[in-house]
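Colleague: Structure in structure tokens, see below.
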Amino acid sequence: MNAPVRVERDGTVAVVILDRPEAMNALDIATKEALLETLASLDEVARRREVRALVLTGTGRAFCAGQDLREHATALSTEPATALATVTRHYNPLVTALAGFPAPTLAAVNGVAAGAGAGLACACDLRIFADTARLAAAFAGIGLAPDTGLSWTLPRLIGPARAAQLLLLGAPLLATQALAWGVATEVVPAAECLTRARELAAQLAAGPTAAYLATREALTAAATSTLAQALSTEARLQATLGATQDHPAAVAAFLERRPATFTGR
Ligand code: T3D
């Protein structure tokens, strides 16, 4: 049997590929555990700045159809008391790993992203959508409420009213609408989705990684803070960035009218 998760490295860009196309990359336990292990080992590499951008994508016509419902049905009938434990065992750590990954993250949403698959895409910093892709909340359709972080990420991406619309009414968000609502950073022809995501990842990987991480931290903190707290967070983060190698080197490059070279440190 093929590994359900593969990694392709291109310099400092890591592409993590959900590789169960026969099941629309649905998340069974083996896939969730492989993804957790993959993200944990890449996290260490990224802390050494050997990886400076991560792309998450799927093979075949889906990005990820969410929880593997065949496996879930078996769990519900054989061990109903623990069938939902995967939320704390797998989905929560997966979202935490992506949201705290020590480099920018992009989802190359090559096809449908449903349920937990939508959650993984929304936990990334940016999303490139294939024009054939769609985001389906899917949870209400099987009598569940959102997990995989969607109750947190969706309102922040599109606002609470639109989040409620997606989660309650169940109609998928098509790529064009995802672009209009800001969920999709870009929409490209399906055949170009991963190529474009790799291009943007390479651009980010050549950038000021520490500044990107501070930007993510500031945006995340500001979502639940007062203006005074946000200003204080900004001051603390700028002080940290002032002590990086990249900041003074980039200022010198600007003054000398040459392109900056960022090390990520
Ligand atoms: O404890 C817990 O499990 C809680 C955690 C929950 C997290 C979640 O993710 S809940 C949400 C789970 N996902 C869904 O409810 C999505 C179910 N799938 C769909 O709604 C649709 O299949 C899609 C929108 C993803 C795609 O639709 P379409 O029309 O393009 O394809 P299809 O014909 O429906 O599906 C194609 C095949 O994929 C089909 O198999 P078959 O009949 O050809 O052998 C279908 O059964 C299979 N498939 C699709 N999604 C799943 C799946 N198999 C297992 N699990 C799936 N999630």
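FYI, it's all coordinate maths here, none of it is from the lab. The model shown is predicted, which means the values in this text are computed figures rather than measured ones. Cβ sites come from the backbone with ideal geometry, for glycine too, and all protein chains shown count toward neighbours.
Colleague: Report the residue count in segment 61-81 for those that are within 9 Å of the ligand (Cβ to nearest atom), part of a loop (DSSP other than H, G, I, E, B) and of a type outside the set (Asp, Glu).
Modeller: 3
Colleague: Okay, moving on. Can residue 157 be described as part of a loop (DSSP other than H, G, I, E, B), surrounded by fewer than 23 Cβ atoms within 10 Å (Cβ to Cβ), of a type outside the set (Ser, Thr, Tyr) and out of contact with any strand residue (DSSP E or B) (no Cβ under 7 Å at 6 or more places or on another chain)? Reasoning before the result, please.
Modeller: Details: part of a loop (DSSP other than H, G, I, E, B): no; surrounded by fewer than 23 Cβ atoms within 10 Å (Cβ to Cβ): yes; of a type outside the set (Ser, Thr, Tyr): yes; out of contact with any strand residue (DSSP E or B) (no Cβ under 7 Å at 6 or more places or on another chain): yes.
Against the criterion (part of a loop (DSSP other than H, G, I, E, B), surrounded by fewer than 23 Cβ atoms within 10 Å (Cβ to Cβ), of a type outside the set (Ser, Thr, Tyr) and out of contact with any strand residue (DSSP E or B) (no Cβ under 7 Å at 6 or more places or on another chain)), residue 157 does not qualify.
Colleague: Could you give me the residue pairs with C-beta distances under 7 Å whose first residue belongs to segment 147-174 and is more than 22 Å from residue 98 (Cβ to Cβ), whose second residue is among the hydrophobic types (A, V, I, L, M, F, W, C) and within 15 Å of the ligand (Cβ to nearest atom) wherever it lies, and which are 6+ apart or on separate chains?
Modeller: Every condition considered, the pairs that remain are 168/140; 170/137; 170/140.
Colleague: Working only within segment 122-146, note down all residues that are in contact with a Cys (Cβ under 7 Å, 6 or more places away or on another chain) and farther than 23 Å from residue 96 by Cα.
Modeller: Correct list: 130 only.
Colleague: Just to be sure I understand the filter: pairs with C-beta atoms under 6 Å, separated by 6 or more residues or on different chains, first member in segment 22-51 and within 15 Å of residue 72 (Cβ to Cβ), second member within 13 Å of the ligand (Cβ to nearest atom) and polar (S, T, N, Q). Which pairs pass?
Modeller: 27/67
Colleague: Hey, among the residues in segment 6-47 that are within 16 Å of the ligand (Cβ to nearest atom) and in a strand (DSSP E or B), which one's farthest from the chain's Cα centre (by Cα)?
Modeller: 27
Colleague: Taking residue 178, is it surrounded by fewer than 18 Cβ atoms within 10 Å (Cβ to Cβ) and in a helix (DSSP H, G or I)? Quick ask: steps written out before the conclusion?
Modeller: On the way: surrounded by fewer than 18 Cβ atoms within 10 Å (Cβ to Cβ): no; in a helix (DSSP H, G or I): yes.
Judged against the criteria, residue 178 is not a match.
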